[in-house]
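Following: one structure in structure tokens, then a few remarks.
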Amino acid sequence: MTSIAYDYRQDAPGRSAIRDELLLIDGARVPAISGRTFKSLNPATEEVIATIAEGGAADVDRAVAAARRAFEGPWRTMRAAERGYILLKWAGLLKQHADEIVELESLDAGKPIAAVLRQDFPAAIDTLTYYAGWADKIGGDVVSTRDDALTYTVREPVGVVAAIVPWNFPLMIGMWKLAPALACGCTIVMKPAELTPLSALRIGELALEAGLPRGVLNIVPGPGRIAGEALVNHPDVDKVTFTGSPGVGRGIMRGAAGNFKRVSLELGGKSANVIFDDANLDAAAKAAAAGIFFNAGQVCSAGSRVLVQESVYDEVVERLAARASALRIGDPQDRATALGPVISEKQMKTILDYVDIGKREGALLVTGGEHVGGRGYFISPAVFANVKHEMRISQEEIFGPVVSVIKFKDEADALRIANGTAYSLAAGVWSSDIGRVQRFAKRARAGTVWINTYGYTDVRLPWGGERDSGLGREHGTAAIDNFTEPKAVWMNLNV
Ligand code: NAD
């Protein structure tokens, strides 16, 4: 891995450390029609690392038209296996360029490089490889109806997909959308988050190199309120797949109603990690700390509420605080760094405001919760004890390295608190009583339940939640359903 001074296209003479990035539309890198640009910062240094063409409604129009042509043309009609081979070739190219992609993601999103190497990058490759394998295995059923008919179903691609992606896992969450949509034969206009557009643009270039026909994957960075809304409202987009905040998700449902676009939404979370007194406390505290402090808490399924049975409450608070203060904060490019900055100054202020709110609400800040370092948006990991279920820091998604530790009496109490927010993305439970963990798993209102572990995801398992956590599921066969429409065919055998 090279140092922080990074130039991913070293064969482009005269390229400076600050890159100029263009949109990717119809197989070419192009400026925005308006000529406007915006800047991307490294959250660890606050330095500008790239100037990016700012996509607007006219660029979205061009990109959707290109995606429509590619859908009606080469991509849909290509042999399914061929689509799979191209995706596999793309995965191979991404692996060949692993160092630069990992570094780019770390610079743009402020992620510790060790974490991108361990999680984001391998997960993106795994997702792409998994769905490459699906490309020629999407089928239908012959269904028994009448003796004089052959009746069967086929699954057809939904068409042009708008993929709108957040900044916390740009590469991995981006691939959760791109890989299944492409495997199903859809074409895409992707709008990365304006804070983290760089990895998407680079992998888009590599997709072309892998043989993806022009227009199949278009990438239009730009502001959510402009480029994002233009996509959501576009009459020629057939589906929106979105990961982001519940507020934007609501707007997307409204916008999509115009032409009844298919919509899948992965939104926020306030997940409970529940520790009973008969749990392995060492393992539970370790996982609880990782469950909230990984990616500086900017994880939709972060275990931001740790619920602890009263007899072991003080011990768990102590262990969590010790783990929080031992975390190595620093330069994300240093492989020993465990905790990088949060994404932006705005996000840092929001998180620090929540720390003040917690103190004002009467919770006890045991450790952390401060802006650290002169430059960069670093926050020391915060542990709040004596948190009451009704407090705002227990109900609202903070999306930062702040954990609320809440006391409970018994199973019923734990379940009431765990299920008592607007969210339902994930939950964890720790106990050595097999009946107890299974009762919890059954009654937890959550799309994923972890038992005696926390935080694992795998593209083979469904992922998502209900209420303010979203609509529908990604991953596994759910994603194949998301990007295809079933068609019934009825053939009269007596003509
Ligand atoms: P955000 O909703 O502000 O932005 C997400 C994306 O939507 C960005 O690309 C943004 O430009 C775009 N956008 C913003 N306004 C838009 C609009 N009016 N129309 C169309 N697009 C618009 O969210 P964020 O701050 O980037 O990400 C943080 C949120 O995402 C958190 O709430 C987090 O829980 C959630 N999240 C959920 C999951 C999951 O799998 N459930 C994963 C990661 C993040």
>> So, I393, is that one β-branched (V, I, T) and in contact with a His (Cβ under 7 Å, 6 or more places away or on another chain) or not?
In response: no
> Out of curiosity, is A257 among the aliphatic types (A, V, I, L, M), within 21 Å of V165 (Cα to Cα) and either part of a strand (DSSP E or B) or assigned by TED's automatic domain parsing to the domain that holds G159 (or both)?
Replying inline: yes
> Which one is nearest to the ligand (Cβ to nearest atom), of the residues in the stretch 401-423 that are part of a loop (DSSP other than H, G, I, E, B) and surrounded by fewer than 22 Cβ atoms within 10 Å (Cβ to Cβ)?
Replying inline: A422
> Among the residues of the stretch 177-219, which ones are of a type in the set (D, E, K, R) and touching a Gly at 6+ places or on another chain (Cβ under 6 Å)?
Replying inline: K191, R214
> If I292 passes every condition in (1) within 30 Å of L107 (Cα to Cα); (2) away from the ligand (no atom under 16 Å from the Cβ); (3) not charged (D, E, K, R) but one, which one does it miss?
Replying inline: (2)
>> Can you tell me which of (1) of a type outside the set (S, T, Y); (2) in contact with a Phe, Trp or Tyr (Cβ under 8 Å, 6 or more places away or on another chain); (3) loosely packed, with under 15 Cβ neighbours inside 10 Å is the one R473 doesn't meet?
In response: (3)
> Mind checking which residues of the stretch 478-495 are within 18 Å of the chain's Cα centre (by Cα) and without any contact (Cβ under 8 Å) to a residue 60 or more places away in the chain?
Replying inline: A478
> Just for helices (runs of 4 or more DSSP H) wholly inside the stretch 286-397: which have at least 1 residues that are closer than 30 Å to E47 by Cβ and without any contact (Cβ under 8 Å) to a residue 24 or more places away in the chain?
Replying inline: 313-326, 345-361
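Results for (1) within 12 Å of the ligand (Cβ to nearest atom); (2) free of Cβ contacts under 8 Å to residues at least 12 places away in the same chain; (3) among the charged types (D, E, K, R), shown as yes or no for each residue.
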site: M172; (1), (2), (3): yes, no, no
site: S199; (1), (2), (3): no, no, no
site: G204; (1), (2), (3): no, no, no
site: D236; (1), (2), (3): no, no, yes
site: A256; (1), (2), (3): yes, no, no
site: S264; (1), (2), (3): yes, no, no
> Given the residues V216, V240, which is the only one that is outside the structural domain of K388 (by TED's automatic domain parsing) and within 16 Å of the ligand (Cβ to nearest atom)?
Replying inline: V240
> Listed residues I25, I4; which is modelled with pLDDT under 95 and either surrounded by 14 or more Cβ atoms within 10 Å (Cβ to Cβ) or of a type in the set (A, V, I, L, M, F, W, C) (or both)?
Replying inline: I4
>> Condition first: more than 30 Å from V237 (Cα to Cα) and acidic (D, E). Now tell me which residues in the stretch 139-158 satisfy that.
In response: D147, D148
> Can you tell me which residues in the stretch 241-263 are surrounded by fewer than 24 Cβ atoms within 10 Å (Cβ to Cβ) and of a type in the set (S, T, Y)?
Replying inline: S245
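Condition check ((1) within 25 Å of the chain's Cα centre (by Cα); (2) in a helix (DSSP H, G or I); (3) of a type outside the set (A, V, I, L, M); (4) in the same structural domain as D236 (by TED's automatic domain parsing)) across all residues:
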residue	(1), (2), (3), (4)
S34	no, no, yes, yes
S40	yes, no, yes, yes
I49	yes, no, no, yes
D59	yes, yes, yes, yes
A67	yes, yes, no, yes
F71	no, yes, yes, yes
L87	yes, yes, no, yes
K95	yes, yes, yes, yes
I101	yes, yes, no, yes
>> Filter the stretch 451-470 down to the residues that are surrounded by 17 or more Cβ atoms within 10 Å (Cβ to Cβ) and at positive phi and list them by number.
In response: G455, G464, G470
>> Pull out all pairs, ordered by first then second residue, where Cβ-Cβ is under 6 Å, the residues are six or more apart or on different chains, the first lies in the stretch 136-151 and is farther than 18 Å from K487 by Cβ, and the second is part of a strand (DSSP E or B) and β-branched (V, I, T).
In response: none
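The values are calculated or read from the model by the stated rules, or taken from the named source; none is laboratory data. Here the structure is a predicted model, which is why all the values come from computation and not from measurement. Positions of Cβ are generated from backbone atoms using ideal geometry, with glycine treated the same way; all protein chains shown enter the neighbour counts.
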